[in-house]
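Engineer: Structure provided below as structure tokens; questions to follow.
The values are calculated or read from the model by the stated rules, or taken from the named source; none is laboratory data. For clarity, every value in this text was computed on a predicted model and none was experimentally measured. Here the Cβ positions follow ideal geometry from the backbone for every residue, glycine too, while neighbour counts run over all protein chains shown. Each accessible area value is taken on the protein alone, full model and side chains, heavy atoms only, with ligands, DNA and RNA left out. Shrake-Rupley method; radii C 1.70, N 1.55, O 1.52, S 1.80 Å.
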Amino acid sequence: MTPTKLSAREIVERGEAIYRDTLRDQLEPGNIGKHIAIALESGDYEIDDDGDDACLRLWARRPGQVQAGLRIGYDVAGSIGAGSRELPNR
Amino acid sequence: MITGEVFYRCEAILRLTVKHPSESAKADLEAVIDSGFSDALLIEESLAVSLNLPVLQAVPYRLGDGSRTFMNRYLLTLFWNGKDQSVIATAPVGGGTLVGMKLLYGYSLTIDVVDGGAVRLLRMD
């Protein structure tokens, strides 16, 4: 089981590194805007338009493996606070 | 119909009960409805710890000031519209308890914006 002593930032950064090093070339540009859940321990992942659905499907397959929840082509997966509308990174 | 109240500096509040998905620990909380929050439920990190909720994932988020932050997400059970449902709750470092648009999706929301005013959520289907 992935150590849960990792901070939220560390979990996200490790997930981003896995995505950048092993997944980006095969997943972009066709999946821009979709949510991806990446299990840090195995590198396994799930993609969905809904981030919660991707998370729960991956959790069912990889229980106990903490995940990074990202949005393909964006630097955030969600927002809090009015007045902002996210645009793709490029 | 789900009801709440306008309270505390004109905030629209819903009173919710949440619990661990498989253990008996539960808590009552007051959550502010925030249309700028894209997810379902925001909770205090301390609540997640006290309920011993399992960490599912961490995510990057954009705050209202434009900054980027990182949050843990937890699986819990929420008593909502008369029944228990599984919800993934987000817990920011700075705290806060919010109901977001994902939980309200499919509902019509009306707020009587006066002290003690009624908050009503009605399923649209």
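Engineer: Go through A:ASP53, A:ASP25 for me and flag whichever is open to solvent by 80 Å² or more (accessible area, probe 1.4 Å) and more than 9 Å from chain B (Cβ to nearest Cβ). It would help to see each step written out before you state the result.
Structural biologist: Working: A:ASP53 fails: open to solvent by 80 Å² or more (accessible area, probe 1.4 Å).
Checking each option against the conditions leaves just A:ASP25.
Engineer: Just give me the residues in segment B:26-39 being assigned to a strand (DSSP E or B) and open to solvent by 60 Å² or more (accessible area, probe 1.4 Å), in sequence order.
Structural biologist: Taking segment B:26-39 and keeping what is assigned to a strand (DSSP E or B), we get B:26-33.
Of everything in segment B:26-39, those that are assigned to a strand (DSSP E or B) and open to solvent by 60 Å² or more (accessible area, probe 1.4 Å) turn out to be B:LYS26, B:ASP28, B:GLU30.
Engineer: Take segment B:65-86 and flag every residue that is within 12 Å of another protein chain (Cβ to nearest Cβ) and either surrounded by fewer than 21 Cβ atoms within 10 Å (Cβ to Cβ) or closer than 16 Å to B:LEU51 by Cβ (or both). Outline the logic, then answer.
Structural biologist: In the first step, residues of segment B:65-86 are kept if they are within 12 Å of another protein chain (Cβ to nearest Cβ); the result is B:65-75, B:85-86.
Within segment B:65-86, B:ASP65, B:GLY66, B:SER67, B:ARG68, B:THR69, B:PHE70, B:ASN72, B:ARG73, B:TYR74, B:LEU75, B:GLN85, B:SER86 meet the criteria.
Engineer: Would you confirm whether any residue within segment B:90-108 is surrounded by 20 or more Cβ atoms within 10 Å (Cβ to Cβ) and free of Cβ contacts under 8 Å to residues at least 60 places away in the same chain?
Structural biologist: The answer is yes; a qualifying residue exists.
Engineer: Here is a further query. Scanning for something within 7 Å of another protein chain (Cβ to nearest Cβ) and of a type in the set (D, E, K, R), does segment B:92-109 turn up at least one residue?
Structural biologist: Let us first name the residues in segment B:92-109 that are within 7 Å of another protein chain (Cβ to nearest Cβ), namely none.
Within segment B:92-109, none of the residues are within 7 Å of another protein chain (Cβ to nearest Cβ) and of a type in the set (D, E, K, R).
Engineer: Something else now. Could you list, in sequence order, the residues of segment B:1-25 that are open to solvent by less than 30 Å² (accessible area, probe 1.4 Å) and farther than 27 Å from B:ASP125 by Cβ? Lay out the reasoning, then the answer.
Structural biologist: Taking segment B:1-25 as the starting set, the residues that turn out to be open to solvent by less than 30 Å² (accessible area, probe 1.4 Å) are B:2, B:4, B:6, B:12-14, B:16, B:18, B:20.
Answer for segment B:1-25, where residues must be open to solvent by less than 30 Å² (accessible area, probe 1.4 Å) and farther than 27 Å from B:ASP125 by Cβ: just B:HIS20.
Engineer: Here is a follow-up. Would you be able to tell me the number of residues in segment A:21-41 that are of a type in the set (D, E, K, R) and under 17 Å from A:ALA8 (Cα atoms)? Step through it out loud before you land on a result.
Structural biologist: From segment A:21-41, those of a type in the set (D, E, K, R) are A:21, A:24-25, A:28, A:34, A:41; that's our starting set.
Checking the rest, the ones that are also under 17 Å from A:ALA8 (Cα atoms) come to A:41.
Of the residues in that region, 1 qualify.
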